[in-house]
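Since the structure comes first, as structure tokens, the remarks are kept for the end.
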Amino acid sequence: MPRPVRFNIHPKQADIHDNIAIADMPAGLQGEGYFATSLEKVVGLARKNSIWPLPFATSCCGIEFMATMGSHYDLARFGSERMGFTPRQCDLLMVMGTIAKKMAPVLRQVYLQMAEPRWVLAVGACASSGGIFDTYSVLQGIDQIIPVDVYVPGCPPRPEAILDGVIKIQELVHNESLRRRNSEHYKNLLGTYGIQ
Amino acid sequence: MALTNEYIQQRLQEKFGELVTGVEQPYGMFTFEVPKSHNLKVMQFLHDDEALGFRFLTDLTAVHYPDAPGRELAVVYHLHNLAENVRIRLKVFTAVTEPDVYTATALYQSANWMERETYDFYGVNFVGHPNLKRILNVDEMDYFPMRKEFPLEDQTRIDKDDDMFGRGGHIN
């Protein structure tokens, strides 16, 4: 028996009115032909919606990340369209998976090769705390070697959770002061990790 | 004739006599023990003999028995006769205070990395090994993690409640 086949001969016209996400305008002074706001807000807005992630995937969380990047969950909706596989050009280091102690210097090297400003997202229990691998060979959380901005819990976290983590990173990027990376406080923070 | 366990045992005892001890056959696999001074001689015999022909070293590892004074570390060799598809197990015991065992690298090339791994985890010093250094763990590690006196968990961790994770107390 042939299967009933339905062709899409009467396609519904997409309702794009009011359905396209547009970034909110920052607060400022507006008049006819001009708009004035602070540079910090504009830079924050631009950075927030064009984050280039650098995936550092070592195990099952990496598989969840691949689903997050795929068409179904689609991280590209949030401006993170382009995965960069070179640390020099990326803004966000996404560490997904168990980091063995032998891998730790490699991860640290990748972090050091990234240019400021840089953010770090630890995805999953292993990257955040070592997870179930409470053992002599596994790093007990990547925050032992590099500073982490957002932790995503889960073993492994669902793609929604990873998206939530990326959105949290976006909030940080959006609200970060332009002076933060030059501040004494930030230098001291890096100093606690032995990074000059 | 087929290579039976009885035949292997007979040939070994003809050649080495009283040195072959601890003969058993768990799950049908012929297992025996020799003094650690004779591990190479016995393996050379098993390798070269036409009828025995154990020319492949499948596995090499160690076991730590902390309650057996003088024979704490067992080095276990798994040998394979590929033609007859027969496997045997050879054990040598050594004291943990003097963990020196002769290397099998001259006889079996595959022993090279497996002896490095055994050194890495148990600290067995394979005398004559061409490159005896850590292979899997970080080079900075200053102990042998599979020995029983070292707990499995990372001891540098301070953010976990020890009572909830079986640390600090006794296992039983």
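Residue by residue, here is whether (1) within 28 Å of the chain's Cα centre (by Cα); (2) touching a residue at least 60 places away in the same chain (Cβ under 8 Å); (3) exposed (fewer than 14 other Cβ atoms within 10 Å of the Cβ) holds:
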site: A:PRO4; (1), (2), (3): no, no, yes
site: A:ASN8; (1), (2), (3): no, no, yes
site: A:GLY33; (1), (2), (3): no, no, yes
site: A:LEU45; (1), (2), (3): yes, yes, no
site: A:ASN49; (1), (2), (3): yes, yes, no
site: A:LEU54; (1), (2), (3): yes, yes, no
site: A:GLY62; (1), (2), (3): yes, no, no
site: A:MET69; (1), (2), (3): yes, no, no
site: A:TYR73; (1), (2), (3): yes, yes, no
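Among the candidates B:LEU73, B:LEU52, B:LEU3, B:LEU12, the residue that is of a type outside the set (D, E, K, R), touching a residue at least 24 places away in the same chain (Cβ under 8 Å) and closer than 17 Å to B:THR103 by Cβ is uniquely B:LEU73. Residues in region A:9-47 that are outside any loop (DSSP other than H, G, I, E, B) and either in contact with a Leu (Cβ under 9 Å, 6 or more places away or on another chain) or among the aromatic types (Phe, Trp, Tyr) (or both): A:TYR34, A:PHE35, A:ALA36, A:LEU39, A:GLU40, A:VAL43, A:GLY44. Against the condition surrounded by fewer than 17 Cβ atoms within 10 Å (Cβ to Cβ), within 14 Å of another protein chain (Cβ to nearest Cβ) and either of a type in the set (Val, Ile, Thr) or outside any helix (DSSP H, G or I) (or both), how does B:PHE144 come out, does it pass? No, not satisfied. In the set (1) within 14 Å of chain B (Cβ to nearest Cβ); (2) surrounded by 15 or more Cβ atoms within 10 Å (Cβ to Cβ); (3) farther than 23 Å from A:GLU64 by Cβ, A:PRO105 fails one condition alone, (2). With respect to B:LEU40, determine if the residue is buried (at least 21 other Cβ atoms within 10 Å of the Cβ), in a helix (DSSP H, G or I) and in contact with a Leu (Cβ under 9 Å, 6 or more places away or on another chain). Answer is no for this residue.
Among the residues of region B:95-137, the ones that are outside any loop (DSSP other than H, G, I, E, B), β-branched (Val, Ile, Thr) and either in contact with a helix residue (DSSP H, G or I) (Cβ under 7 Å, 6 or more places away or on another chain) or within 14 Å of another protein chain (Cβ to nearest Cβ) (or both) come to 1 in all.
Note on region B:76-117: residues that are touching a residue at least 24 places away in the same chain (Cβ under 8 Å), of a type in the set (S, T, N, Q) and farther than 18 Å from B:PHE144 by Cβ total 3. The set of residues in region A:116-142 that are assigned to a helix (DSSP H, G or I) and either surrounded by fewer than 18 Cβ atoms within 10 Å (Cβ to Cβ) or in contact (Cβ under 8 Å) with a residue 40 or more places away in the chain (or both) comprises A:GLY124, A:CYS126, A:ALA127, A:ILE142. Of the residues making up region A:146-167, not a single one is farther than 17 Å from A:ALA127 by Cα, part of a loop (DSSP other than H, G, I, E, B), free of Cβ contacts under 8 Å to residues at least 60 places away in the same chain and not acidic (Asp, Glu). Starting from residues that are touching a residue at least 60 places away in the same chain (Cβ under 8 Å) and farther than 17 Å from A:TYR151 by Cβ, keep the ones in region A:92-115 and report whichever is farthest from the chain's Cα centre (by Cα). Looking at the filtered set, the residue picked out is A:LEU112. When we screen A:LEU45, A:LEU39, A:LEU54, A:LEU29 for residues that are within 23 Å of A:GLU160 (Cβ to Cβ) and more than 14 Å from chain B (Cβ to nearest Cβ), the only hit is A:LEU54.
A short reminder: the numbers here are calculations on the coordinates, not readings from a lab. As the structure is a computational prediction, the values presented were derived from the model and not from experiment. All Cβ positions, glycine included, derive from the backbone under ideal geometry; neighbour counts span all protein chains shown.
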